[in-house]
Amino acid sequence: MNFQLTQEQEMLVESVRSFVAKELLPHEEAVDRADEVSPELAAEIRGKAIAAGFYAFNMPEEVGGGGLDYLSQALIERELSKVSWAVHVFVARPSKILMACKGQQIEDYLLPCVQGEKVDCFALTEPGAGSDANAIKTRAVRDGDDFILNGSKHFISHAGHADFAIVFAVTDSYEHNGRKRNAVTSFLVDRNTPGMTIRRGPKCVSNRGYHTFEMFFDDCRVPASKVLGEVDKGWEVANAWLTAGRVMVAANCVGQAQRALDVSLQWAADRKQFGQAIGSYQGVSFKLADMATQIRAAELLTLHTAWKMDQGSMTDGEAGMAKLFASEVLGKVADEAVQIFGGMGLMDEGPVERIWRNARIERIWEGTSEIQRHIISRELLRPLLR
Ligand SMILES: Cc1cc2nc3c(=O)[nH]c(=O)nc-3n(C[C@H](O)[C@H](O)[C@H](O)COP(=O)(O)OP(=O)(O)OC[C@H]3O[C@@H](n4cnc5c(N)ncnc54)[C@H](O)[C@@H]3O)c2cc1C
């Protein structure tokens, strides 16, 4: 096996790293304190990301995106996540699901998202349907050339900045192994569509400034031309994208964990107690050794999984393993970083308490750790169970 990055990948990592240090990190603390990103700052970051060629790096070249392989994308995600999501989200990665756009949708949604003219959000989760996405209750009923949507969503990230939402709604149901399953359709719903309202959700401890929203659909009329993909085939459109997204979350976790280790190493070398640097005590240095070892394992697993995705041989279980392991390593590493910093680790004057808070969401969104374990164990057992 060849573990060597190409020269292009090395250069890519270097340029994203310096972009993060110069253009993003200086804003993190103020954004976190204000729990807000001003429209001016959002536009500034977006503009600089476009100029640097990082915007929409996840999208294929034929639609104007970066056209990068998944391994390169994972490397960029790892670097971007050394700053809070609230800031690096403006180096946008449009929902890959938009590649299902057809005809006029390409001009109206896909291309503007790649070019930085429009922003999307992904609206699946509902108050009664989180891990069990099949339990969504938002319904879309055909009425002539339109669908009429009724229901609600919550926890929808970034909807306040979005020009449109990719909304999942039940359009039919069917029996599968004696259980009722929903047939779901995804719709492109413009921000000011009558019948759709958006409201800021509760404050979140992770990634302050990166908000979630509640969305309400009250006889919201959406033309059939706004169906993304095929009617009743919403899961097919979503699943391909969601699985790849989990590997990118794993890469985000590796980057955050590496940042936690870097600041911990420096602190362990600088902070003196009992006349010596605390890093000279095994109680601290062994923590650093464990953190570095766990991060290395998470990184190798993540990059290998991204590489397998490039080869077309990655399974859902493998994507789940990367997300599960990297997010749990991040949780442990962030917690140990607080311990190494002592009381200062809990104060909002340094990045450690922010890293610790931001780490917590990673075991929940894009499928909780428990759901990843379901996916992995199901894949292992399926050939054996009859
Ligand atoms: C900050 C934030 C941003 C988000 N952004 C978006 C977004 O942009 N778009 C979107 O659609 N959604 C978004 N989500 C939703 C996110 O994907 C869900 O929160 C997540 O899938 C978990 O659902 P839940 O919170 O309802 O928890 P639940 O599903 O209620 O789970 C609660 C607990 O029960 C466990 N559990 C549930 N079922 C099982 C089971 N079968 N076996 C074992 N354990 C189980 C879970 O693992 C968890 O520990 C966001 C959430 C947050 C917090």
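The values are calculated or read from the model by the stated rules, or taken from the named source; none is laboratory data. Computed from a predicted structure; not experimentally measured. Cβ placement follows ideal geometry from the backbone for every residue including glycine, while neighbour counts extend to all protein chains displayed. Keep in mind that these areas ignore ligands, DNA and RNA; they rest on the heavy atoms of the full protein, side chains included. Shrake-Rupley method; radii C 1.70, N 1.55, O 1.52, S 1.80 Å.
The table below gives the values:
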{"item": "Convex hull per residue volume in Å³, alpha carbons only, for the range 119-235", "result": "103"}
{"item": "Estimated inter-spin distance, Phe274 and Asp262, nm [label 7 Å along Cα→Cβ]", "result": "3.1"}
{"item": "Approximate spin-label separation Ala297-Asp335, in nm, with each point projected 7 Å along Cα-to-Cβ", "result": "1.5"}
{"item": "With at most 10 other Cβ atoms within 10 Å, longest stretch of the chain clear of loop GluC sites (Glu not before Pro) (DSSP)", "result": "118-348"}
{"item": "Rg in Å to one decimal, and Dmax rounded to a whole Å, for the range 158-225 via C-alpha atoms", "result": "15.2, 45"}
{"item": "Average accessible area per residue (Å²) across the range 237-384 - probe 1.4 Å, nucleic acids and ligands excluded", "result": "48"}
{"item": "Cα gyration tensor shape for the range 34-114, rounded if a/c is under 1.5, else prolate or oblate", "result": "oblate"}
{"item": "Cα Rg over Rh - the range 188-233, Kirkwood", "result": "1.10"}
{"item": "For the range 266-331: Kirkwood Rh in Å [reciprocal of mean 1/r, alpha carbons]", "result": "13.8"}
{"item": "Of all DSSP beta bridges in the chain, antiparallel share, percent nearest 5", "result": "85"}
{"item": "Dimensionless Rg/Rh of the chain - Kirkwood Rh, Rg from C-alpha atoms", "result": "0.98"}
{"item": "Under-5 Å amide H pairs with Glu126, H placed in peptide plane, nonlocal only", "result": "His154"}
{"item": "The range 237-384 - convex hull of alpha carbons, volume per residue in Å³", "result": "113"}
{"item": "Gain in span if fully extended, Glu8 to Ser131, counting 0.36 nm per residue against the direct Cα distance", "result": "40.4 nm"}
